[in-house]
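Student: After the structure tokens below, expect a handful of questions from me.
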């Protein structure tokens with residue numbers, strides 16, 4: 001089906017086409033028609049990179065009354081980067097339609113600047129939980145009239161320790177509002193929140209892992225000993241020329257070490273790890289987005305919410321402990337119908353993890369000699 005057939009306006013569809021968003025994904029096909037036409041609670045389970053922002057963003061835009069200048073919808077996201085990305089996407093979707101005023105608020109920026117922005121007419125607020133509570137405590141915004149509360153990457157918010165913050169926010173919005181919850185996984189803690197705050201009649205949609213697979217990604221792996229891993233990586237990077245990509249490590253120490261090793265080999269790389277100050281993260285991301293650097297070395301936590309167009313590859317220098325993180329990582333490449341490479345570097349003892357990923361995620365790896 002086309003987006004028009006799903007109920008999206010011609011003006012919004014024109015904006016989508018300009019962004020290269022032509023064919024709806026499975027989660028968009030399932031969510032958009034019902035969320036656009038009905039006032040219901042919704043639980044959508046789908047992997048990262050399957051188009052969840054449009055799945056909730058397009059119905060949300062259709063429900064905004066442009067003539068009212070109060071906050072009508074609230075979107076909660078786990079990280080500053082994801083919040084900024086959602087706000088930017090909503091802005092781009094409405095290029096040819098009535099303007100919806102969206103503000104993103106998050107930690108790491110002076111709260112006074114955000115308060116002054118919220119004094120302008122605002123229809124949608126995208127927020128990280130901690131900063132939203134700070135603003136509510138200062139009575140800097142009013143969310144009592146919202147009709148929709150979206151929880152995006154809900155499992156990530158819980159894994160980052162936001163459970164109590166979410167409960168406080170949900171309690172402040174009780175009443176005549178719908179909750180739309182989107183998550184890659186549904187851990188027990190998240191089910192606790194669902195059972196407490198989401199209607200038992202909520203529509204549940206689950207896009208299974210096999211359906212969520214992005215067929216534009218070529219999944220490859222190289223087996224070798226740990227001592228040769230850096231040489232294997234540099235050989236691969238040479239083959240990629242000036243193509244851009246992200247190299248993932250499991251730990252902050254490994255990310256710092258690898259970054260220094262690549263610098264020593266004259267690679268221009270940016271480092272993203274959890275101990276960095278926000279201004280340093282922003283500096284690295286600016287350099288990566290404006291193509292001053294072509295390679296990022298990052299940990300899973302530090303890379304949450306990153307959305308950069310036209311990444312040619314993702315390298316798993318160390319495999320993550322959690323299976324879902326492989327999907328999160330590899331989904332950074334081959335976006336918007338493009339193709340990309342996901343390369344895993346493993347030793348002989350780790351080779352069974354490749355078979356586990358194949359079985360669990362319904363994908364096929366090719367071994368590179």
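Student: Taking the condition farther than 21 Å from residue 23 by Cα, out of contact with any strand residue (DSSP E or B) (no Cβ under 6 Å at 6 or more places or on another chain) and at pLDDT 95 or above, does residue 67 pass?
Tutor: No, not satisfied.
Student: Here's another thing I want to ask about it. Identify, please: which residue in segment 148-173 is in contact with a helix residue (DSSP H, G or I) (Cβ under 8 Å, 6 or more places away or on another chain) and outside any helix (DSSP H, G or I) and is, among those, farthest from residue 37 (Cα to Cα)?
Tutor: So, considering only residues that are in contact with a helix residue (DSSP H, G or I) (Cβ under 8 Å, 6 or more places away or on another chain) and outside any helix (DSSP H, G or I), the one farthest from residue 37 (Cα to Cα) is 162.
Student: Would you mind stating whether residue 171 is assigned by TED's automatic domain parsing to the domain that holds residue 84, at pLDDT 95 or above and surrounded by fewer than 17 Cβ atoms within 10 Å (Cβ to Cβ)?
Tutor: Answer is no for this residue.
Student: I'd like the residue in segment 287-296 that is more than 18 Å from residue 19 (Cβ to Cβ) and under 18 Å from the mean Cα position of the chain (by Cα) and, out of all such residues, is surrounded by the most Cβ atoms within 10 Å (Cβ to Cβ).
Tutor: The selected residue is 296.
Student: Does at least one position in segment 213-229 carry a residue that is assigned to a helix (DSSP H, G or I), touching a helix residue (DSSP H, G or I) at 6+ places or on another chain (Cβ under 7 Å) and surrounded by fewer than 20 Cβ atoms within 10 Å (Cβ to Cβ)?
Tutor: no
Student: Here is a follow-up. Any residue at all in segment 300-313 that's touching a strand residue (DSSP E or B) at 6+ places or on another chain (Cβ under 6 Å) and surrounded by fewer than 14 Cβ atoms within 10 Å (Cβ to Cβ)?
Tutor: no
Student: A follow-up question, please. Go through segment 259-278 and report how many residues are within 15 Å of residue 314 (Cα to Cα) and modelled with pLDDT of 95 or more.
Tutor: Residues in segment 259-278 being within 15 Å of residue 314 (Cα to Cα) and modelled with pLDDT of 95 or more: 3 in total.
Student: Using the structure shown, decide if residue 324 is more than 27 Å from residue 287 (Cβ to Cβ), assigned by TED's automatic domain parsing to the domain that holds residue 261, under 18 Å from the mean Cα position of the chain (by Cα) and surrounded by 13 or more Cβ atoms within 10 Å (Cβ to Cβ).
Tutor: Yes; evaluated as a whole, the condition is true for this residue.
Student: (1) closer than 28 Å to residue 165 by Cα; (2) within 21 Å of the chain's Cα centre (by Cα); (3) not in a helix (DSSP H, G or I): which one isn't true of residue 39, the others all being true?
Tutor: (2)
The values are calculated or read from the model by the stated rules, or taken from the named source; none is laboratory data. Every value quoted in this text rests on a predicted model; they were computed, and no experiment measured them. Here the Cβ is made from the backbone with ideal geometry for all residues, glycine too, and neighbour counts use every protein chain on show.
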